[in-house]
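All remarks here apply to the structure that follows.
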Amino acid sequence: MNIPLEHLEEKFLATALKNGLSYWKKGLFEIIEDDATTIKARVYGTDEYLSELMFLNKHIVDVNCTCPNNRTLFCKHIAILYYEKLKDVLALKKAKPRKASKQISKSKVDQEFFSIETAVQNASLVQLKEIVVQELRKNADFKLALEHKLNPKHKAKQALYAFYKVQIQELLRKHKKQNFIDYSASNSVGQAVIDIASLASEHYKNHNLEASFEICKAILDTMIKPLNYTDTSSGIFYQGLDEALNLVLEISTKAELQPKLRKNMYTFFLKHLKDKKNHGWGYEINFTDILIALAENNKQKDELLKIIYNEDLDRHSMQVYNIIKKFDGEQAAKDFVMEHKTLPEFRSILFNEFMENKDYNAAKQCMYEGLKVNSEFRGAVINWIKNLLKIGELTEDKELTIKSAKLLFLNLGFRIYPDGADYYELLKHQFTAEEWANEWPLLIEKEKDKTTVEEIYFREGRLDLLFKSITKKQDFYFNSNYLNFNEAHIASLLPEYNEAFILFLKGRIVNYIDFYKGKKYYKEVCTTLIAFKKQGLDISGILMYLKENYRNRPSLMTRIQEYFE
């Protein structure tokens, strides 16, 4: 690298320069070294990072920053050093501390309001009509308030349904191209519907249950059918739909729900449940749950059971259970559970009941039986083993705890779960240090996942085995992670295996670019090299090798120049 300091600005993205200047002006850094050859600073952003520029005769020869940005060497933290070095040349000034804003006097506020009132008084009827019409087109709450004021007998809340239904339909029409809504358009539509759902939520918080339902109804009536011709892979498109359904379920359980609204909601969702066009996305389960919450008599109970029994009972078993529990009582519900305990959801109910009663033997037997009966359901099996682990810990049954933790680790590895469980560490704590030294190699023998094996080596401090595993020859033709490495693993290896890693990385990159050609692959090579440079690896030899041996790859040379020169 040999970049004149005055030309360094050309290497930064506009956002990096903008953010770097903002940080510089706010003084979010501390210079810890500044001389003719080096400027180094501690930068305070989302985290604390060390940034460094190295000079030789007013030319930049190297840059380093400990931030996680592997896309470029020239991040906003390096930009701070650039501005610090050239602050006199660029005549930069740091921002002054903000002073407390002066309190606006009451007379001034009154004056402002008076001027607005005066403007309204002086406006012509035509002007006022134009303002009102424009606001009516874009603001449903304004329309609702106006209708209530001008015509109190009009069903203003129901007008919300028509207003938002038209809005969503127009959105769908606008973004539908050749009978399809693509990824980008689906996100735009989805975000707009999320905003509409949030308005329904505001009405709910203000106890305007009918207004809230009318908005949700508009979403439900317009957003299910488009799922059949939309790229929903981002999950944003149907998020507003999900929020509307969750909100309606909450409305259904409110004590202040008026009989007329309850009846209207029941009729609406019964119609949707019976319409097969609304099936196939799992929303029929939501409709059924809402209907159960709304149902009040045996006629409605029988009506729902009839619909469910005509469908797949296993799929709707929890809904049947909830209907029986609501209308026939706890004992009838328990009898239904016992009759259908082969289903995982009912085995969970039984297990929880046993645990509440501290009948741990019955709970254990229930789970062992579940492992046999539900063996084809991997998710259920994992849950049953987790429950056995819970029993083992509660009853201080070391053998059960070890057996369960081992099974969970071999099935789940080091995946991160919401409960924060680390089954490897949990298992390790069941053994003495001497016992564990014999135990973890047995896990390696049973573990087939290379990433999991390497994490075990890392945790056990076996850097020799970790290095051997990482540098083992891979079939990169079928390995999407050929140039991806675990940063913590690399950091632990570099002090001892620095030279060996340079040779390994050079070989892997050469193999990679000999097979893959193109800008995106060369970009991946550069970002990989940046990541290793940030870890402290000297990549200059690899860059030199690439320049000398791949001169006939102009695209690769351009990428190297963009990133490193």
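Worth a mention:
- The number of residues in segment 202-212 that are in contact with a helix residue (DSSP H, G or I) (Cβ under 6 Å, 6 or more places away or on another chain) and either open to solvent by less than 10 Å² (accessible area, probe 1.4 Å) or touching a residue at least 24 places away in the same chain (Cβ under 8 Å) (or both) comes to 5.
- Sole exception among (1) of a type in the set (D, E, K, R); (2) over 23 Å from Gln331 (Cα atoms); (3) under 29 Å from the mean Cα position of the chain (by Cα) for Glu399, by number: (3)
- Among the residues making up segment 50-95, those that are open to solvent by 10 Å² or more (accessible area, probe 1.4 Å), of a type in the set (Ser, Thr, Tyr) and more than 14 Å from Glu6 (Cα to Cα) are Thr66, Thr72.
- Filtering segment 338-363 to residues that are of a type in the set (A, V, I, L, M), surrounded by 14 or more Cβ atoms within 10 Å (Cβ to Cβ) and over 36 Å from the mean Cα position of the chain (by Cα) leaves only Ala362.
- Verdict on Thr288 being of a type in the set (Val, Ile, Thr), at pLDDT 90 or above and surrounded by fewer than 16 Cβ atoms within 10 Å (Cβ to Cβ): no
- Residue list for segment 366-422, restricted to those being part of a helix (DSSP H, G or I), open to solvent by 60 Å² or more (accessible area, probe 1.4 Å) and among the hydroxyl-bearing types (Ser, Thr, Tyr): Tyr368
- Leu305 being within 28 Å of Leu270 (Cα to Cα) and in contact with a Ser or Thr (Cβ under 8 Å, 6 or more places away or on another chain): no
- Across segment 453-468, the number of residues qualifying as surrounded by fewer than 16 Cβ atoms within 10 Å (Cβ to Cβ), charged (D, E, K, R) and either under 30 Å from the mean Cα position of the chain (by Cα) or not in a helix (DSSP H, G or I) (or both) comes to 1.
- Selection within segment 499-538 - outside any helix (DSSP H, G or I) and in contact (Cβ under 8 Å) with a residue 24 or more places away in the chain: Lys517, Gly518, Gln535, Gly536, Leu537, Asp538
- Checked across segment 222-230, the condition of being within 19 Å of Ala159 (Cα to Cα), under 27 Å from the mean Cα position of the chain (by Cα) and assigned to a helix (DSSP H, G or I) holds for at least one residue.
- Scope segment 433-452; condition closer than 30 Å to Leu483 by Cβ and either assigned to a helix (DSSP H, G or I) or open to solvent by less than 90 Å² (accessible area, probe 1.4 Å) (or both); matching residues: Trp440, Pro441, Leu443, Ile444, Glu445, Lys446, Glu447, Asp449, Lys450, Thr451, Thr452
- With respect to being surrounded by fewer than 16 Cβ atoms within 10 Å (Cβ to Cβ), at pLDDT 90 or above and of a type outside the set (Asp, Glu), Gly536 falls outside the description.
The values are calculated or read from the model by the stated rules, or taken from the named source; none is laboratory data. Keep in mind that this is a model prediction, so the values were computed, not measured. All Cβ positions, even for glycine, are placed from backbone atoms using ideal geometry, and neighbour counts span all protein chains on display. Quick note on the areas: whole protein, heavy atoms, side chains included, nothing else; ligands and nucleic acids left out. Shrake-Rupley method; radii C 1.70, N 1.55, O 1.52, S 1.80 Å.
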